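Let me begin by presenting the structure, written as structure tokens, before commenting on it.
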């Protein structure tokens, strides 16, 4: 199983080695993953500035905010209060960001 962020990283990557590179990367990630879900770090596809190439500053900022929220939600097993605390924002502030960025919060846990 992949985290939402891992799926996004797979979709963004150009895969110069084609399907063989994808297959090898996934096999290695499944073996090396610390948790039950494969993350971008496990895939060695952690976001960097190149992932935002071609975007406007506003689009890149929103993509980064979305990525950080999704990663933090993953790390905190969907708990919204813990996610907000780790991000250094209030829970209502997190709700506002999630609504603005189109991130569903119905699946998250409150405490």
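If R0 equals 30 Å, the separation of the Cβ atoms of residue 60 and residue 27 corresponds to a calculated FRET efficiency of about 0.45. Averaging 1/r across all pairs of distinct Cα atoms in the chain and inverting the result yields a Kirkwood radius of 15.0 Å. Applying D = kT/(6 pi eta Rh) to region 55-111, where Rh is the Kirkwood radius over alpha-carbon pairs, T corresponds to 10 °C and eta to 1.306 mPa s, the Stokes-Einstein value obtained is 141 µm²/s. Put simply, when 95-102, 82-89 are sorted by average Cβ atoms within 10 angstrom per residue, most first, you get 82-89, 95-102.
The calculated 222 nm mean residue ellipticity attributable to helices in the chain amounts to -17500 deg cm²/dmol, summing -39500 (n - 2.57) over DSSP H runs of n ≥ 4 and dividing by all residues. Short-range pairs are left out: with C-alpha atoms under 8 Å and at least six residues apart, the relative contact order of the chain is 22 percent.
Largest GNM mean-square fluctuation among 91, 25, 53, using the chain with Cα springs under 10 Å: 53.
Every read-out reported here was derived from the displayed coordinates using simple, explicitly stated rules and does not represent laboratory data. None of the values given here were measured: they were computed from a predicted structure. Because the Cβ atoms are built from the backbone with ideal geometry, glycine has one as well, and the counts that use them run over all protein chains shown.
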